[in-house]
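J.: Below is one structure. I have some questions about it.
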Amino acid sequence: MDSITNSRVALAFSGGLDTTVCVPLLEEEYGYDEVIGVTVDVGQPPAEFDEAEATATTLGLEHHVIDAKDAFADLCLDAIEANAMFQGYPLGTALARPIIAEAILDVAIDSGCSALAHGCTGKGNDQLRFEAIWRQSDLEVIAPVRELGLTREWEIEYAADRDLPVEAGQGGEWSIDQNLWSRSVEGGDLEDPAVRPPESIYEWTDHGEGEDELTVAFEAGRPVAIDGSEMSPVTLIEQLNERAGAFGVGRTDMMEDRVLGLKVRENYEHPAATVLLTAHRDLESLVLTKEVQRVKGDLEREWAELAYRGLLFSPLATAIESFVEETQASVTGTVTLSLQSGSCRPVARASPHAVYSESMASFDTADVGSITQADATGVAKYHGLQDRLANRETFATLHQGD
Ligand code: ARG
């Protein structure tokens, strides 16, 4: 049958309300002969795959599940090399979307689809992130929820009319997006920024008693081991989420500025990301010069902004990545962190490439190598010269009566 089908569309499919109603709509409203559903595994909870599978089966939907966890973990570690933070939180959803979009595009091309579809609304960032990737191809891009102006109520009614397999009370109280790297919780009563979230929104972070201490080893900017045991990026991230989450590390409650300009109240959990960002930054402070750190800091903000907007394929992102890569050769060593009451604090660091000399900095020795303390006298005399000249009159007035 497939060979005589002339129009197939690949749908980013989660089995939730939005993507479920998209299936009949793509056939009826857009005239496609066949919809195929693609679910990409970036570390969502297993129940989400069960839901997607069950819904696909009931709908009679050809369903592909693609494991992209390794590719996603790799991108998360690129974000660590770039110390990427967007408005103060480690990116999560934004990093996952291009990975998902690319995997779906591959399936679409392999299965002879002429179009791609997603269930994003016209208000969020994800529509932009998906389409930035997809529109690089010449496949048609369809966004039924946005284009048909669908609301949640309309979708619920439509699903009931059509007897579509959507669970009662679809979606629960909040809208949650969870992957290997982060959990995002938004919507419902959290839309009021003045409402303090109930403890029940948190699943990864807890109030562990006491303190834990762990050591992360890095090789050329990549975390490779915890407490001396080497592990794959996926396992390392999973283990750090567990260990740091137990001590409440990695919670963010913030107002975020979406790409379109809308502000949104967001709550995030990201224990592993917080540990790795803290450790990586600390190690860089030991091995990178002050100037490299300063310029890298400026570029990091640019990279994070591009990542947030889903534009990591841009020439600017690629150029920044080359710079970052160049700086990471010496980012090898270990950082020990203390985890306690929601805080993650570096307490020790070591590297064979430290730009640091204990004997030079020490209070116990008089001289810095062959440079004597007295050599600093000339520097001290010149230090602030222009500022002193600029303030001459003020200084004179102030001390007139002295
Ligand atoms: N605002 C964040 C972003 O655009 C996260 C959105 C996650 N979606 C959700 N339904 N919780 O990256």
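J.: If I go through segment 156-204 residue by residue, how many of them are within 15 Å of the ligand (Cβ to nearest atom), closer than 20 Å to Thr121 by Cα and acidic (Asp, Glu)?
T.: Of the residues in segment 156-204, 5 are within 15 Å of the ligand (Cβ to nearest atom), closer than 20 Å to Thr121 by Cα and acidic (Asp, Glu).
J.: On to the next question. Could you tell me how many of the residues in segment 52-79 are in contact with a helix residue (DSSP H, G or I) (Cβ under 8 Å, 6 or more places away or on another chain) and closer than 25 Å to Ile237 by Cβ?
T.: Adding up the residues that qualify gives 15.
J.: Within the set of pairs 6 or more residues apart or between chains, which connect a residue that is closer than 27 Å to Thr334 by Cα inside segment 352-376 to a residue that is at pLDDT 80 or above and outside any helix (DSSP H, G or I) with Cβ atoms less than 6 Å apart?
T.: These pairs meet every condition: His353/Ser330; Val355/Thr289.
J.: Among all residue pairs at least 6 apart or on different chains, which show Cβ distances below 8 Å where the first residue, located in segment 89-100, is within 12 Å of Ser182 (Cβ to Cβ) and the second is of a type in the set (Asp, Glu) and assigned to a helix (DSSP H, G or I)?
T.: Thr93/Asp126
J.: Taking segment 143-155, which residues are more than 13 Å from the ligand (Cβ to nearest atom) and over 21 Å from Val40 (Cβ atoms)?
T.: Glu147, Leu148, Gly149, Leu150, Thr151, Glu153, Trp154, Glu155
J.: Sort out which residues of segment 130-142 are open to solvent by less than 10 Å² (accessible area, probe 1.4 Å) and either within 16 Å of the ligand (Cβ to nearest atom) or of a type in the set (S, T, N, Q) (or both), and write them in order of number.
T.: Ile133
J.: Now a separate question. For segment 260-271, check the following and say yes or no: at least one residue is open to solvent by 60 Å² or more (accessible area, probe 1.4 Å), modelled with pLDDT under 95 and either among the basic types (Lys, Arg) or out of contact with any Asp or Glu (no Cβ under 7 Å at 6 or more places or on another chain) (or both).
T.: No, there is no match, as no residue in segment 260-271 is open to solvent by 60 Å² or more (accessible area, probe 1.4 Å), modelled with pLDDT under 95 and either among the basic types (Lys, Arg) or out of contact with any Asp or Glu (no Cβ under 7 Å at 6 or more places or on another chain) (or both).
J.: Could you tell me which of the residues Ala108, Ala103, Ala94 is within 15 Å of the ligand (Cβ to nearest atom), buried (at least 17 other Cβ atoms within 10 Å of the Cβ), part of a helix (DSSP H, G or I) and of a type outside the set (Phe, Trp, Tyr)?
T.: Only one candidate qualifies: Ala94.
J.: Let me ask another. Out of Glu284, Glu291, Glu300, I need the residue that is part of a helix (DSSP H, G or I), open to solvent by 70 Å² or more (accessible area, probe 1.4 Å), out of contact with any strand residue (DSSP E or B) (no Cβ under 9 Å at 6 or more places or on another chain) and not polar (S, T, N, Q). Which one?
T.: Just one listed residue meets the conditions, Glu291.
J.: Here are the criteria: (1) under 30 Å from Glu209 (Cα atoms); (2) aliphatic (A, V, I, L, M); (3) loosely packed, with under 13 Cβ neighbours inside 10 Å. Tell me which single one Ala350 does not satisfy.
T.: Here Ala350 clears every test but (3).
The values are calculated or read from the model by the stated rules, or taken from the named source; none is laboratory data. Remember, predicted model here, so these are calculated numbers, not experimental data. Positions of Cβ are generated from backbone atoms using ideal geometry, with glycine treated the same way; all protein chains shown enter the neighbour counts. Side chains included, ligands, DNA and RNA excluded: accessible areas come from the protein's heavy atoms. Shrake-Rupley method; radii C 1.70, N 1.55, O 1.52, S 1.80 Å.
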